[in-house]
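One structure is given here, and the rest of the page talks about it.
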Amino acid sequence: MNHKMKFRVPFLILILGVFFASCIANVEEQLEETDPGVNTKVSYKNSVKPIIDGRCVSCHSSGGNFPELTSYAKVSANAAIVKDAVASGRMPRGGTLTTAQIKSIVDWVDEGALDN
């Protein structure tokens with residue numbers, strides 16, 4: 001092997017290594033950007049309200065148990081109470097929420113209890 005070939009092979013290996021490493025990093029960045037779970041806020045309208053309406057309002061309506069949960073304003077004003085009650089399993093009385101329902105409410109509160 002001549003003197004020039006001694007430097008070409010390691011140089012070529014180095015260049016190919018850098019090339020493939022950059023391709024892998026770029027694919028990982030693209031996957032993170034398109035991951036639907038990243039930066040996704042729980043929707044009050046689509047996720048939380050149906051749970052509240054279906055499992056809570058029958059007891060927590062006007063003239064019923066505290067807190068009243070008949071509107072976004074009333075649910076968000078009591079968001080910490082609602083979160084604690086469902087996360088601990090105290091509510092709903094006489095029934096249970098699924099793990100996904102509890103997670104939706106907890107995440108919604110943790111994300112700021114937005115009207116979204």
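Every number here is computed from the coordinates shown, using simple stated rules; none is lab data. Small disclaimer: the values here were computed from a predicted structure and weren't measured. Ideal geometry is used to build each Cβ from the backbone, glycine not excepted, and the neighbour counts take in all protein chains shown.
Can you work out the Karplus-derived ³J(HN,Hα) for every residue in the stretch 56-62? Use 6.51 cos²θ - 1.76 cosθ + 1.60 with θ = phi - 60°, whole Hz, and x for glycine or proline.
So the Karplus estimates, Gly and Pro as x, are 10, 5, 4, 9, 10, 10, 4 Hz.
Before anything else, pin down the relative contact order of the stretch 44-110: Cα pairs under 8 Å, at least 6 apart, normalised by residue count, whole percent.
So the answer I get is 30 percent.
Which parts of the stretch 69-105 would a label at Ser43 reach, counting a residue when its backbone N lies under 12 Å from a point 7 Å out along Cα-to-Cβ?
No residue passes the distance filter.
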